[in-house]
Amino acid sequence: MKGNWAILVLALILGVALRTARLDLRPMHTDEAVHALKFGALLEQGVYHYDKKEYHGPTLNYFTLPGAWLASEKTLSDVNEVTLRIVPAFFGICLFLLPLLLTGLGMRSALLAALLGACSPSLAFYSRYYIQETLLVCFSFALIVACYRHRVSGKASYALACGACAGLMFATKETWIISCAVMIVAALAVVLIGRRAGAGTISLRPFHVALALGSFCAVAIIFFSSFFSHWDGVRDSILAYGTYFTRASESSRHGHPWYYYLQMLLYSGGDKGPIWSEAGVVAFAFVSMALGMRTKDALQARGAGLRVFLSLYAMLLLIISSVLPYKTPWLVLGILQPLTVVAGSGISDFFRWCQMRHLRPLALLASGVVVSYAAFQTYEANFVYYDDTSNPYVYSHPTQDVRQVADLVLHASQGGRQPVHVICSGDDYWPLPWYLRSLKATGWWNALGSDFVPTPIILASPDIEPALLERLYETPPPGTRNLYVPLFDRPMFLRPGKEIRGYITLDLQSRLQKEKRG
């Protein structure tokens with residue numbers, strides 16, 4: 001009993017600290033900045049309209065509102081990174097605690113699963129990202145937990161919870177259908193295996209099915225209709241799949257080799273930084289799979305059916321994610337969460353096996369190495385290599401230059417009194433809109449249009465520079481030209497390889513220097 005409490009306390013301390021400490025340390029990712037500005041419209045205007053082509057579902061935005069209200073933040077300029085990132089951090093904490101509700105695993109197995117999830121570098125790193133993935137994985141695993149609890153207890157309340165969790169998944173991200181489809185296939189496989197092993201069948205009560213469908217529809221409609229204020233969002237939530245099915249088949253955007261997620265799980269890095277690996281979790285998950293299916297009547301053993309389901313769920317997700325050409329690193333979370341739960345059972349089984357052979361120190365050593373190395377990696381990922389390309393979880397991430405660029409522009413604009421133009425081909429100026437959110441007189445351009453009027457401060461991508469210089473020095477009539485000088489004293493990059501150049505009028509720069517000296 002004391003050992004169980006120790007595991008729980010350790011999981012809570014590590015899991016909470018690694019997810020919530022210094023949430024403002026890492027520069028805002030482009031995706032985070034996009035979602036932040038989407039939230040800003042909801043905060044300031046009370047308006048959210050679901051976009052069937054971009055941004056994913058509304059849950060992230062609506063779940064951010066309570067934190068902003070508690071912090072008395074009324075405009076986007078008031079909001080900071082902590083307010084935003086505490087939302088995925090909260091659901092990340094819920095995620096590693098959810099296995100404790102899977103009583104069929106046994107308390108020790110569930111606690112070990114929670115500890116592995118708390119220390120997982122992947123799960124912790126993306127719990128500090130203001131994107132939908134952690135919320136989706138949390139709701140997905142909550143659906144598994146609710147279905148399991150309903151299977152065990154038969155209570156109608158868990159049927160309602162099943163529908164609500166599925167509704168939250170739907171309202172979070174369009175890829176929820178992959179997770180649900182895999183859950184159904186894995187569950188059917190367990191039923192078929194169970195029949196051959198003589199295990200009991202699953203019966204569904206029509207009333208409970210109706211309750212689940214009702215709560216699913218209620219939750220989905222509430223969010224997609226923007227709390228009954230934008231009914232087109234409900235229709236668009238279905239039409240969106242035409243866009244996302246096409247995007248999933250594209251290899252030009254976020255294309256990676258089939259072994260991308262296996263590499264993330266087993267071995268990455270080593271040249272410029274640490275070696276990153278969650279191979280310990282994978283190894284103990286396979287131990288659990290092997291031990292859980294070692295006998296003919298495996299599914300009749302305690303929690304064995306649940307282990308088989310979670311194992312199949314993780315493996316099928318891995319296969320589907322590996323086959324699809326569209327890959328982003330945070331999609332590994334859906335695969336890793338069930339693996340950590342199965343691995344918790346694997347460690348528990350390994351302990352029992354070692355105790356029977358008087359090898360308990362070996363079990364303590366092996367599990368201690370896995371947990372401590374995972375916690376070390378998580379610390380390194382979140383607080384040392386948080387924006388370093390040697391970190392496999394860092395993906396097309398802004399450098400610290402973006403903060404320096406923003407600071408220089410904010411200073412030069414004299415508190416927003418000077419207008420600013422930002423011109424980048426393809427609208428590739430993110431995450432600058434987040435960092436310059438306090439400037440009201442800012443123009444965002446993807447090309448030099450005929451209506452472009454030069455401002456005292458201009459930011460531009462290098463490919464725009466020739467046309468910009470022509471507009472600044474050759475188009476204006478004599479006597480109306482302003483002399484521009486570089487705003488930066490060295491090359492600045494929004495992301496590795498994505499340079500941004502700054503220009504400021506000589507008059508404004510001279511005034512700023514005079515104010516500084518005075």
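The values are calculated or read from the model by the stated rules, or taken from the named source; none is laboratory data. The shown structure was predicted, so the numbers you read here are calculated from the model rather than taken from an experiment. All Cβ positions, glycine included, derive from the backbone under ideal geometry; neighbour counts span all protein chains shown.
Every listed requirement among (1) buried (at least 21 other Cβ atoms within 10 Å of the Cβ); (2) of a type in the set (Ser, Thr, Tyr); (3) within 28 Å of VAL308 (Cα to Cα) is met by THR103 save one, (1). Of the helices (runs of 4 or more DSSP H) entirely within the stretch 309-423, those holding at least 1 residues that are of a type in the set (Ser, Thr, Tyr) and out of contact with any Leu (no Cβ under 9 Å at 6 or more places or on another chain) occupy 360-383.
Cβ-Cβ contacts under 7 Å between residues 6 or more apart (or on different chains), taken from a first residue in the stretch 489-518 that is within 30 Å of ASP388 (Cβ to Cβ) to a second residue that is at pLDDT below 90, are listed as PHE493/THR399; ARG495/SER396; ARG495/THR399; PRO496/THR389; PRO496/THR399.
Residues in the stretch 351-400 that are over 18 Å from TYR267 (Cα atoms) and in contact with a Cys (Cβ under 7 Å, 6 or more places away or on another chain): ARG360, LEU362, ALA363. Residue pairs, Cβ under 6 Å, 6 or more apart or interchain, first in the stretch 39-55 and closer than 11 Å to LYS74 by Cβ, second surrounded by fewer than 19 Cβ atoms within 10 Å (Cβ to Cβ) and of a type outside the set (Gly, Ala, Ser). List them. Hits for this filter: GLU44/THR75. On the stretch given as the stretch 101-125, residues that are under 23 Å from the mean Cα position of the chain (by Cα) and free of Cβ contacts under 8 Å to residues at least 60 places away in the same chain total 0. Quick check on the stretch 76-93. Is at least one of its residues among the basic types (Lys, Arg) and either assigned to a loop (DSSP other than H, G, I, E, B) or touching a Pro at 6+ places or on another chain (Cβ under 9 Å) (or both)? No: the stretch 76-93 contains no residue that is among the basic types (Lys, Arg) and either assigned to a loop (DSSP other than H, G, I, E, B) or touching a Pro at 6+ places or on another chain (Cβ under 9 Å) (or both).
Out of curiosity, is LEU266 at pLDDT 90 or above, farther than 23 Å from GLY163 by Cα, surrounded by fewer than 16 Cβ atoms within 10 Å (Cβ to Cβ) and not aromatic (Phe, Trp, Tyr)? Yes.
Tally up the residues in the stretch 117-141 that are assigned to a helix (DSSP H, G or I) and not aliphatic (A, V, I, L, M), please. Here the count works out to 12. Taking the stretch 149-176 as the range and being of a type in the set (Val, Ile, Thr) and modelled with pLDDT of 95 or more as the test, only THR172 passes.
Would the stretch 186-195 turn up any residue that is crowded, with 19+ Cβ neighbours inside 10 Å and under 28 Å from LYS53 (Cα atoms)? So far as the stretch 186-195 goes, no, none of its residues is crowded, with 19+ Cβ neighbours inside 10 Å and under 28 Å from LYS53 (Cα atoms). Scanning the stretch 1-50 for residues that are on the phi > 0 side of the Ramachandran plot and buried (at least 17 other Cβ atoms within 10 Å of the Cβ) yields no hits at all.
Of all residues in the stretch 398-422, those that are farther than 10 Å from MET492 by Cβ have Cβ atoms under 7 Å from Cβ atoms of residues that are charged (D, E, K, R) and loosely packed, with under 14 Cβ neighbours inside 10 Å, 6 or more apart or on another chain, in GLY416/LYS440. Within the span defined as the stretch 98-105, one or more residues are in a helix (DSSP H, G or I), assigned by TED's automatic domain parsing to the domain that holds THR378 and touching a Ser or Thr at 6+ places or on another chain (Cβ under 7 Å). When you check THR328 against the structure, is it of a type in the set (Val, Ile, Thr), under 17 Å from LEU265 (Cα atoms) and touching a helix residue (DSSP H, G or I) at 6+ places or on another chain (Cβ under 6 Å), yes or no? It is false that THR328 is of a type in the set (Val, Ile, Thr), under 17 Å from LEU265 (Cα atoms) and touching a helix residue (DSSP H, G or I) at 6+ places or on another chain (Cβ under 6 Å).
Taking the numbered list (1) modelled with pLDDT under 95; (2) of a type outside the set (A, V, I, L, M); (3) within 30 Å of ARG403 (Cβ to Cβ) in turn, SER120 passes all entries but (1). Of all the listed residues (ALA447, ALA374, ALA381, ALA343), the sole one being small (Gly, Ala, Ser) and surrounded by fewer than 19 Cβ atoms within 10 Å (Cβ to Cβ) is ALA447.
Being in contact with an Asp or Glu (Cβ under 8 Å, 6 or more places away or on another chain) and not acidic (Asp, Glu) is the filter here, so list the residues in the stretch 1-33 that pass it. Result: LEU23, ARG26, PRO27, MET28.
Every residue, every condition in (1) more than 22 Å from TYR62 (Cα to Cα); (2) under 10 Å from the mean Cα position of the chain (by Cα); (3) in the same structural domain as PHE223 (by TED's automatic domain parsing), yes or no:
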| position | (1), (2), (3) |
| --- | --- |
| SER127 | no, yes, yes |
| ILE144 | yes, no, yes |
| LEU160 | no, no, yes |
| PHE170 | no, no, yes |
